[in-house]
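The values are calculated or read from the model by the stated rules, or taken from the named source; none is laboratory data. All values derive from a computational prediction rather than experimental measurement. Ideal geometry is used to build each Cβ from the backbone, glycine not excepted, and the neighbour counts take in all protein chains shown. Protein only, heavy atoms only, side chains kept; ligands, DNA and RNA dropped before computing areas. Shrake-Rupley method; radii C 1.70, N 1.55, O 1.52, S 1.80 Å.
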Amino acid sequence: MVDLELDMRARIGRLELAKPVMTASGTFGFGEEYRSLVDLGALGAIVTKGISLRPRAGNPAPRIAETPCGMLNAVGLENPGLEAFLRDKLPGLREMGPAVVVNILGDTLEDYAALARALDGAGGVDALEVNISCPNVERGGLAFGTDPALAAEVAAAVRESTRLPVLVKLTPDVTDIAAVARAVAATGVDGLVCINTLRGMAIDPLSGRPRLGKVIGGLSGPAIRPVALRAVFEVAREVDTAVVGVGGIGCWQDAVEFLRAGAVAVQVGCATFRDPSAAVMVLRGLEDFLKGLGVRSCSQLVGAVEL
Ligand SMILES: Cc1cc2nc3c(=O)[nH]c(=O)nc-3n(C[C@H](O)[C@H](O)[C@H](O)COP(=O)(O)O)c2cc1C
């Protein structure tokens with residue numbers, strides 16, 4: 001029997017990844033800490049921690065709390081800012097092998113556009129991932145991503161400011177994620193990433209104090225996987241734009257679920273905190289599964305759900 005090579009490429013608009021598994025923003029830093037622990041070269045992309053124009057100090061401690069089947073975080077998008085990122089982090093990222101996807105965040109439309117312009121010229125950046133879960137300071141703090149028109153404005157501002165492929169990461173904290181997806185997809189972006197964390201909180205029953213310094217934080221981990229899967233399914237049915245799945249993915253079986261729901265690629269987030277090689281294990285398991293199925297290409301599984 002001829003052993004035909006399995007094609008694991010994933011196409012996200014103009015971005016082509018050699019493998020369909022990436023790290024999720026904020027859960028892998030800039031890859032530095034994992035370099036000696038993980039076969040980073042195996043991954044499709046490293047998505048950086050969110051980068052803002054200016055450095056951000058983040059929120060007061062405690063910033064992390066464990067929950068049943070997940071965790072809450074209120075890190076507050078702490079990051080070194082654009083200038084230090086370009087100077088100190090990007091050169092190392094370029095050498096790691098996987099595609100470099102830079103996650104960006106802003107308080108205003110102009111922040112997003114300025115970040116997109118600067119990263120366009122930086123060299124060695126393969127795509128941008130736009131975090132629209134941040135509050136718009138100019139419009140009363142409403143998160144950009146909760147309003148379809150506002151979400152589309154951010155997407156268009158970034159799209160018009162860069163030649164790089166643009167992925168927009170959607171928040172699940174909306175009633176109708178498909179409506180936001182439709183509005184964002186109409187701006188011609190390359191991909192939609194589903195989902196960011198869900199807003200949540202926890203209180204210590206004895207002290208009466210919230211477990212997070214910021215009181216409310218973002219829930220991630222296996223607890224949110226069914227929500228993320230549903231979001232991918234609803235969005236993939238609604239738009240022609242490529243969808244990337246993220247939320248509670250910790251093993252290859254989870255990745256298969258997301259591909260079947262319509263994602264062309266997946267990201268592994270806080271599962272990495274338990275096992276630094278989680279993303280690589282997801283990829284290896286997925287490859288073995290696809291070989292066992294006898295398919296030629298990973299893309300054959302995308303949307304393969306029997307309804
Ligand atoms: C500690 C932490 C920091 C995060 N920081 C960011 C960030 O800077 N930008 C972003 O778009 N998402 C951020 N996220 C969200 C993750 O990228 C991911 O969407 C979410 O955690 C769900 O995936 P998971 O359940 O696999 O962790 C962060 C998540 C965690 C746990």
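Here are the numbers for the structure shown:
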{"read-out": "Cut-off 15 Å between beta-carbons: net charge of the residues surrounding residue 65, Lys and Arg +1, Asp and Glu -1", "value": "+3"}
{"read-out": "Extension gain from residue 37 to residue 206, taking 0.36 nm per residue of separation minus the Cα-Cα distance", "value": "56.9 nm"}
{"read-out": "GNM result for the chain, Cα springs below 10 Å: residue of 232, 174, 102 fluctuating most strongly", "value": "174"}
{"read-out": "Relative contact order [Cα under 8 Å, 6+ residues apart], the stretch 120-269, whole percent", "value": "19 percent"}
{"read-out": "Three-way shape call for the chain based on the alpha-carbon gyration tensor, with the a/c threshold at 1.5", "value": "rounded"}
{"read-out": "Residue 253-residue 66 FRET efficiency (beta carbon distance; Förster radius 35 Å; 0.05 resolution)", "value": "0.90"}
{"read-out": "Förster-model FRET efficiency, 35 Å R0, residue 88 and residue 18, C-beta, rounded to 0.05", "value": "0.85"}
{"read-out": "Per-residue ³J(HN,Hα) for the stretch 227-241, Karplus 6.51 cos²θ - 1.76 cosθ + 1.60, θ = phi - 60°, Hz, x for Gly and Pro", "value": "5, 5, 5, 4, 5, 4, 4, 5, 6, 4, 6, 8, 10, 8, 5"}
{"read-out": "Residue (of 144, 154, 175) at the positive-pole extreme of the stretch 117-179, dipole from beta-carbon charges", "value": "154"}
{"read-out": "Mean Cβ neighbour count within 10 Å, used as a protection proxy, ranking 139-152, 37-50 highest first", "value": "37-50, 139-152"}
{"read-out": "Taking the chain and dividing mean pair separation by its residue count, relative contact order in percent (alpha carbons under 8 Å, at least six apart)", "value": "21 percent"}
{"read-out": "Whole-number accessible area per residue in Å² for the stretch 88-171, which is evaluated in the context of all protein chains at 1.4 Å", "value": "34 Å²"}
{"read-out": "Global geometry of the stretch 53-107, whether rounded, prolate or oblate, following the gyration tensor of its Cα atoms and the 1.5 cut on a/c", "value": "oblate"}
{"read-out": "Heavy-atom accessible area ranking, 1.4 Å probe, most first, across 206, 105", "value": "206, 105"}
{"read-out": "Estimated dipole of the stretch 1-127 in Debye, rounded to 20 [Cβ of Lys and Arg +1, of Asp and Glu -1, Cα centre]", "value": "220 debye"}
{"read-out": "Computed magnitude of the charge dipole of the stretch 81-146 (debye, nearest 20; Cβ of K, R +1, Cβ of D, E -1)", "value": "80 debye"}
{"read-out": "Global geometry of the stretch 96-163, whether rounded, prolate or oblate, following the gyration tensor of its Cα atoms and the 1.5 cut on a/c", "value": "prolate"}
{"read-out": "Cα-centred dipole magnitude for the chain, charges only on beta-carbon of K, R (+1) and D, E (-1), debye, nearest 20", "value": "340 debye"}
